[in-house]
1. Find the all-direction average of the projected area of the Cα convex hull for chain C, expressing the result in square nanometres with one decimal place.
2. So how far, in whole Å, is the C-alpha centre of the stretch B:138-155 from the one of the stretch C:555-573?
3. Over all directions, average the projected area of the Cα convex hull of the stretch C:467-615 and note it in nm².
4. Principal axes first, then extents: for the Cα atoms of the protein assembly as shown, list largest minus smallest coordinate on each axis, whole Å, largest first.
5. Can you give the alpha-carbon Rg of the stretch C:1-107 over 2.2 N^0.38 Å, where N counts its residues?
6. Which semi-axis lengths, in whole Å and largest first, follow from the square roots of five times the eigenvalues of the Cα gyration tensor of the stretch C:619-774?
7. For the stretch C:29-46 and the stretch C:423-486, what is the centre-to-centre distance using only Cα atoms, to the nearest Å?
8. Over the C-alpha atoms of chain B, what are the Rg and the largest Cα-to-Cα span, Dmax, in Å?
């Protein structure tokens, strides 16, 4: 008999109470239980970063967390980043303007990672931006457009 | 790649956790999950029980206790990275922690998890060896202290019984103004170190009075470099000479690199770590 | 031109930025079940009994299917997909599921269908299989020796194909040559590793018998064809739909056993079935590129001018034909493309191994050909004490000879004719930007401080726009909205934006009025999909032609409605206007309604019903893009680490449709190229067991490994299509490995380093440095 727990958590400001099997990862819970499919799964061993979400404001790989571990915490996913259905967050807008996405699969993880980074480091150098995203793999862009977007938002300079 | 079924336990206190460890069969401790979760996802391990330590708050602390820095097993690597007391009293650890994976890894990963995993490349393992840390291991019945040199029982295997867990680590602090340097070479930023070196120096302004160089990443356990620097005048030539001692170290061949190559880069890491350490020695 | 040539906002971005993409794993359907596969742990084995009882007994398991369970649904149990060629010696097509022999680690032998993926994996682990391991072929060179085991036990040998391409009197050129140099190269390229792995969802409608398959594919029409062939269905009964695709890079154009198994599974259980590949599977179950071994000789005159090249290459095909012999063909063909080469002969032997099939990854064999030529030119330069750039300048096809007929044909049998481009000018631009002439002084100064800098250069010419066509329908409905349907497939390369841009250019300039549906066989009957840097050229051309046709119809109908002459009309936004007259206009909706037909009323004279055009413009000859990469590197001789200090990439893709998208394609391709030079190595042991199995071992380039890159564009429009465009998707990859390797060799010149391989690792570099020191 599969072991289940009842969990209460907030996701993008909305409170949920759900029963979840203990072995289900947070990534799968968000995607399949809550139908928030913006968080993507790329490797399930903590390397690609596509599944990155914010838990209490800190970026974490949701494929390496169990859903039950999010009980009592606040999760922010990509769906919670834009301020409204008609406005984008400045980082999202900059990614668009700088062609910082192509297929878009790594993008949600990039954005959540950068949201934490920009809070901690509002005026990064290019090198610091690159280090901030080196745990997020992209196979399409070569990263240049993403770096440009972050520097555009922070007013920083290309090295 | 989904985890196999297991029974899940989330104790709130250390006593509860130890009680579970003492009574459950085939249990793994889940700390930061950065090592265990990939193994579960890949079904490389299939424990009957998982004991999640993330709600045991009493295991998460960093405190200076006289000449020791004591860190609880569940202290996050991120908290170590941002700790003023670590930065002030144990800057080697501060420098090393920043090499661990990426921000997402460190936000979740713990010192206890890293030390118990005993990955040859693990920065915290090398640092613990560098200062002869003491690990504190507890079971329901007793607490014991173990010098870090006795902590590994073999490759990636700590000398911990099935009913025991690591609860804290005590790091002796070096004199204020000591020189420190941590260097590692990895293929990409954040990757596992192919070789690392931790250098610690104290001097009396003319000669080195205390030196400890530890090489990690190239063998199952960190190794103390058999180079005698005490009593010598610090110089680049001395550091080059010390680095040559890497030729005497054990080094593992693996699929990608030979032991010979690893000794070679260990030399470079030792030189660079010593150079940094010397530059940071307080010279008043 | 309002839109073409401008970096317009992408249609794709908003939903993707909000996490509202619809990738294959995002699809949810009522009653949907999930599948997992039981896969061979052996590179070669006989499969005996497969016992399902324990798996079936698990709660939540609906089916465990093996080959015998599929037979009733399979008219043809093999995927017959090989690109046509007379050079095959053996036909080795993949079965849906094997009957009794597995030939690579990861080959699927059974499929579990369960409530969810967690349970499916639990059940897959409970399937018991009697394996009898067989000797494995772990290396493509060893595969061709007389006493090698057979990769397929009933095959006579391991040679799957063999051909020689060439022209001119090679041997005479060699006999008379002033200088002859011999080289051997090993080249390895790895897998796709799109961040999204593969996946398929199948639904079989029990009421009308129609099968709908969503799949993360680059070629939906090809997938439809294979499904129809295997299942014995006609095109009306099978629809393939492409969701958002998280990167393709080649291997997603292949049709796989899992895809047909999922389709049949859906028919058997009577419920939608989803299978999503995980990363561990991607390493063993998705096609990849792999190894080539070259032995070549080059003959030159006293000035370093090429006279002839001859040699042999052995190419690892893997265990099955999943695409064709195109990969090694491209590599061999490539050598004769870009430089003037009077005579050429390359013998290619294609070997079977017990590893996953080899099919193109971005670049498709062309990088390997470029590597060989560029390394040979470096060798010539060194031997003749010539500057490496000067040797190239002497041999590049000059601009005044365009169009230039090379001596080779491409794999489709078409003559390779270089249509436009100024290769020497591109090279010179690259040399200027990297500071080539000044570099020796900087290098010498750096060496004095123990710093090893090096510089390298490589040219390439790449055939793009492989035909024969791509289908595009442009339609304006009575709503006034412009609808574009195409067989082209999007995988991140901005296909929908590209097509909307081209169509809107003709039809009012308002891209927000254009809806593009790509990759749905239900909307266009024909299509070819994404590969070979072809879609801008072929889909773009068809879109342009169809849009022009629709534009002409719109103007004709509007001239009736406005009672104005056609030449006085223009299209702005969503309306047709009379030039210079303020209030005389009619909007698209009205025009479309006028020709939608009202019962009993005639259409305006000379006008056809509907505002629609479908085009599949045929362009057989390829159009050749070109470029030059120049790299400056710093080699740390203590660690063997290579830092690319700067990369210059000069490029000509004809008329640039969208500058930002072109840049993005180049930068992304460059990242793959850097991976090929320094990082990506899919390793196996001698038994065909993968040693590289996770992304911790297989190194993809991250943001910190990317250097400062300077892009420079030249535009030599092609006469081969009305827009003058050439493809760009693969170009970034192609010259990077030789440019970087040449630079590393240059940095290590004091150590007499010679590098004849790609990738190169820090261990290799340290070995070269210490060998010299001894």
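Each value in this text was obtained by applying a stated rule to the coordinates, not by laboratory testing. Keep in mind the model is a prediction, meaning the values are calculated, not measured.
1. Mean shadow area of the hull around the Cα atoms is 37.1 nm².
2. 88
3. On the way: hull surface 37.3 nm².
Result: a mean projected hull area of 9.3 nm².
4. 101, 77, 72
5. My calculation over the Cα atoms of the stretch C:1-107 gives 1.69.
6. That gives 33, 19, 14 Å for the three semi-axes.
7. What the calculation gives is 41 Å, centre to centre.
8. 19.2, 62
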